[in-house]
Amino acid sequence: MEEIMIPDPAWGSDLANIILDLEKLRTKRLGGDVPPYIFFQLKETFQILETLGSARIEGNNTTLADYVENLIAHNEDESTREIRNLEKAIAFIEQNTDSETVIDRAYISHLHKILTEGLSPPPSGEGSRYPGELRKLDVSINKSGHRPPSPMLLQECFDRFVSFINKERKEQYQLLMVAIAHHRFEYIHPFDNGNGRMGRLLNYAFLIKLDFQVKNGRILNPSSVFYSDRDKYYRMLSRADTLKDDDLLAWCEYFLLGLKNEIEKIDSLLYLDYVRDELLFPMLELSRKRAYIDEMEYKILRYIVGKEEMAIKSSELSRFGIEDSKKKAYLMSKLKKKNIVTPLKDGGRVYTIVFENNYLLRSLIEVLRRKGFVSDFLNG
């Protein structure tokens, strides 16, 4: 079995320029001014898009609208459990990955167990007959003429893959490693099920390992690179199956250009003026129009969003004609019960807006769709 190699792109080629642009984004100092308690709600929203997109590529029929309603109502079925598992897997990656992490057999096996937990095994479900274990049977790949290695050869192929992703290499080859690794993981198809979801999760782990600021300071939705045109994704993967340098480099260019475009698009969400004027104000307008919130709630939430710190003290309710302290306390209690405000770490006297896992999320998703952040693929 041959070693996994990274072909050299021509200097001055489009691929070489894409790598240079991504290196600038890797080291770019993030200077966004969105309050962290707002930023991480946006990050959570984009992780919904990421997990749902990855699941739908594999045939999950849950639409974004359905999933949002299930979140609000706290409903769960096999399809939503599959997506929940993806969220848990992302959380595992964020909690257990840094530049020193070795992404070894144990790491990958544990990730696969999280991904398939509680799901029915194939062919009826998206679980696994052997959670965390290399497959014991031959498999085929959807929309591909390639036949993955037999179980007899799989262990050696997988060992070479693990060695490849953990090898020390110069910076100019590190992003190429991520692209080649995604293809090679799908090429060997190490598990009996969940290989597509696993490959896309590993992309996220690799980017964290390479010090892209995706855990804390940057929002990223890497699967959107693929689900915006699922047919092209499969077509480019199949092209790389020849393992010829030109075809592998074409795959790398497709993969890394999509990643670059996604990072540049998402980075606008680091800036307060954009988040306020282009996302949250329109979200509130739409929520009022759809009667998710009443007029007083709209005024209070708009006031919160309009402040630089996006937070309010109970005493500030006087500006809305509410002077009695008991009435102020009652109103804040009502807003907390509806989960559209939450106290900050200040003894409960300072509150900020909440838009995840409540009716406001419906409107935020619609605003994000209008701004081009949400692919029609997520709703069929």
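Selection over segment 120-138 of residues that are surrounded by 20 or more Cβ atoms within 10 Å (Cβ to Cβ) and over 25 Å from Met152 (Cβ atoms) gives a count of 1. Of all residues in segment 120-155, which are of a type in the set (Asp, Glu) and modelled with pLDDT of 95 or more? The one that is of a type in the set (Asp, Glu) and modelled with pLDDT of 95 or more: Glu133. Go through segment 326-346 and give me each residue that's under 35 Å from the mean Cα position of the chain (by Cα) and loosely packed, with under 13 Cβ neighbours inside 10 Å. Answer for segment 326-346, where residues must be under 35 Å from the mean Cα position of the chain (by Cα) and loosely packed, with under 13 Cβ neighbours inside 10 Å: Ser333, Lys337, Lys345, Asp346. Applying the selection to segment 241-257, what residues are among the hydrophobic types (A, V, I, L, M, F, W, C), within 13 Å of Tyr187 (Cβ to Cβ) and modelled with pLDDT of 95 or more? Listed by number, the residues that qualify are Leu248, Trp251.
Residue-level check: of (1) outside the structural domain of Ile141 (by TED's automatic domain parsing); (2) of a type outside the set (Ser, Thr, Tyr); (3) under 26 Å from Asp192 (Cβ atoms), Glu50 misses just (1). Just one of the listed residues (Phe164, Phe185) is in contact (Cβ under 8 Å) with a residue 40 or more places away in the chain and hydrophobic (A, V, I, L, M, F, W, C), and it is Phe164. Taking segment 112-125, which residues are within 23 Å of Ser140 (Cβ to Cβ) and within 19 Å of the chain's Cα centre (by Cα)? Scanning segment 112-125 gives His112, Leu115, Thr116.
On inspection, Val367 fails the criterion of being in contact (Cβ under 8 Å) with a residue 12 or more places away in the chain, assigned to a loop (DSSP other than H, G, I, E, B) and of a type in the set (Val, Ile, Thr). With the condition kept exactly as written, say whether any residue in segment 372-380 is buried (at least 17 other Cβ atoms within 10 Å of the Cβ), without any contact (Cβ under 8 Å) to a residue 12 or more places away in the chain and either closer than 22 Å to Leu52 by Cα or not assigned by TED's automatic domain parsing to the domain that holds Leu25 (or both). Checked segment 372-380: no residue is buried (at least 17 other Cβ atoms within 10 Å of the Cβ), without any contact (Cβ under 8 Å) to a residue 12 or more places away in the chain and either closer than 22 Å to Leu52 by Cα or not assigned by TED's automatic domain parsing to the domain that holds Leu25 (or both). One residue alone among Glu323, Glu316, Glu297 is of a type in the set (Asp, Glu), more than 29 Å from Glu23 (Cα to Cα), surrounded by 19 or more Cβ atoms within 10 Å (Cβ to Cβ) and free of Cβ contacts under 8 Å to residues at least 60 places away in the same chain, and that residue is Glu297.
Kindly establish whether Asp138 is closer than 24 Å to Arg239 by Cα and touching a residue at least 12 places away in the same chain (Cβ under 8 Å). Judged against the criteria, Asp138 is a match.
Per the listing Lys338, Lys334, Lys299, Lys371, the residue uniquely at pLDDT 95 or above, in contact with a helix residue (DSSP H, G or I) (Cβ under 9 Å, 6 or more places away or on another chain) and within 29 Å of Ala65 (Cα to Cα) is Lys299.
The values are calculated or read from the model by the stated rules, or taken from the named source; none is laboratory data. On a predicted model such as this, the values are computed, not experimentally measured, just so you know. Cβ sites come from the backbone with ideal geometry, for glycine too, and all protein chains shown count toward neighbours.
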